[in-house]
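A.B. asks: Questions regarding the structure given below will be posed in turn.
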Amino acid sequence: MGQRTLSGLAKAFRRDRTTFQPGTDPQEAFRRGTLLGQQGDVEGARSAYQQAIDSGDAEQAPAAGFQLGLLLGQHDDIDGAREAYRRAANSGHPEYGPKAARNLGHLYKRQSRGRQAIAAYEVAIGYGHPDVTPWAMLYLGNLFLHLGNLPDARASYQNAVDSGHPKAGPQAARHLADLA
């Protein structure tokens with residue numbers, strides 16, 4: 001193939017990936033978003049993930065929201081990451097919902113937005129995910145400790161210990177011992 005033909009294909013690909021196409025397979029849009037993100041094409045990945053999100057697909061939309069939040073956060077688009085995580089956190093998806101809520105809590109904590117971080121960690125905890133929930137309890141305890149709220153820090157740490165999680169539980173126990 002000549003250079004001219006390759007250039008035409010590249011332009012068509014760029015146009016294809018940035019134009020919303022009703023009926024686009026959400027799984028294909030998610031796959032394309034992942035591939036473009038791995039190649040460093042943030043805008044192309046954003047567009048593809050957005051197509052999966054806009055599809056409303058019960059599996060692919062929350063997965064795309066979570067992955068988009070990760071990608072945008074890595075590229076310092078904090079507002080975009082926050083919105084992507086928020087949508088995934090509110091999706092009700094048993095895997096991506098709690099992970100997105102936890103990451104939203106981290107994002108808010110880094111921005112010194114304690115009240116919003118607390119709310120996000122509480123959403124993550126509310127999902128009851130066997131791995132994410134105990135960690136969110138630990139992170140919430142750390143946040144309460146940072147904010148000087150020792151009673152709530154103790155309660156959060158105790159909840160993490162009581163979860164029986166093999167890693168978050170012992171860490172929370174150490175924090176509780178330090179508060180004694």
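A.B. asks: Just the accessible area per residue of the chain, please: how many Å² with a 1.4 Å probe?
C.D. replies: Working: 9550 Å² over 180 residues.
On a per-residue basis, the chain sits at 53 Å².
A.B. asks: Quick one: helix 42-55 against the long Cα principal axis of the chain, what's the angle to the nearest 10°, folded into 0 to 90?
C.D. replies: 80
A.B. asks: Further question on the same structure: How much solvent-accessible surface does residue 132 expose, in Å² to the nearest 10, with a 1.4 Å probe and all protein chains in place?
C.D. replies: Per-residue accessible area (residue 132): approximately 0 Å².
A.B. asks: Per DSSP H run of at least 4 residues, take -39500 (n - 2.57); add these up for the chain, divide by its residues and hand me the 222 nm value, nearest 500 deg cm²/dmol. Each step should come with its number before you reach the end.
C.D. replies: Numbers: 10 runs with 138 residues, N = 180.
Dividing the helical sum by the residues of the chain leaves -24500 deg cm²/dmol.
A.B. asks: Turning to a different aspect of this structure: Pick from 82, 32, 46 the residue whose mean-square fluctuation is largest in a GNM of the chain, springs joining Cα atoms under 10 Å.
C.D. replies: Maximum fluctuation in the GNM of the chain, among the listed residues, is at 32.
A.B. asks: Where does helix 3-18 land angle-wise versus the long Cα axis of the chain, in degrees 0 to 90, nearest 10?
C.D. replies: Once rounded, one gets 40 degrees.
A.B. asks: Follow-up. Among 155, 179, 133, whose Cα projects farthest towards the positive end of the dipole of the chain, with charges put on the beta-carbon of Lys, Arg (+1) and Asp, Glu (-1)?
C.D. replies: 179
A.B. asks: Using a Förster radius of 30 Å, what is the FRET efficiency between residue 162 and residue 35 based on their Cβ-Cβ separation? Nearest 0.05, please.
C.D. replies: Efficiency, from the Cβ-Cβ distance: 0.10.
A.B. asks: For the stretch 85-172, run through the trypsin sites (Lys or Arg not before Pro) and keep only the ones in DSSP coil with at most 15 other Cβ atoms within 10 Å of their Cβ.
C.D. replies: In loop regions of the stretch 85-172 (DSSP not H, G, I, E or B), the sparsely surrounded trypsin sites (Lys or Arg not before Pro) are 113, 167.
A.B. asks: Between residue 95 and residue 178, how many nm apart are label points set 7 Å from Cα along the C-beta direction?
C.D. replies: 3.3
A.B. asks: To the nearest 10 degrees, how steep is helix 150-162 against the longest Cα principal axis of the chain, on a 0 to 90 scale?
C.D. replies: Relative to the chain, helix 150-162 is tipped by roughly 70 degrees.
A.B. asks: Determine the share of the chain's accessible area contributed by carbon and sulfur atoms, expressed in whole percent, with a 1.4 angstrom probe.
C.D. replies: Percent of accessible area from carbon and sulfur atoms in the chain: 51.
The values are calculated or read from the model by the stated rules, or taken from the named source; none is laboratory data. The structure presented is a predicted model; accordingly, all values stated were derived computationally and were not measured. Note: ideal-geometry Cβ built from the backbone for every residue, glycine included; neighbour counts use all protein chains shown. The protein model used for the area step is the full one, side chains on, heavy atoms only, and it has no ligands, DNA or RNA in it. Shrake-Rupley method; radii C 1.70, N 1.55, O 1.52, S 1.80 Å.
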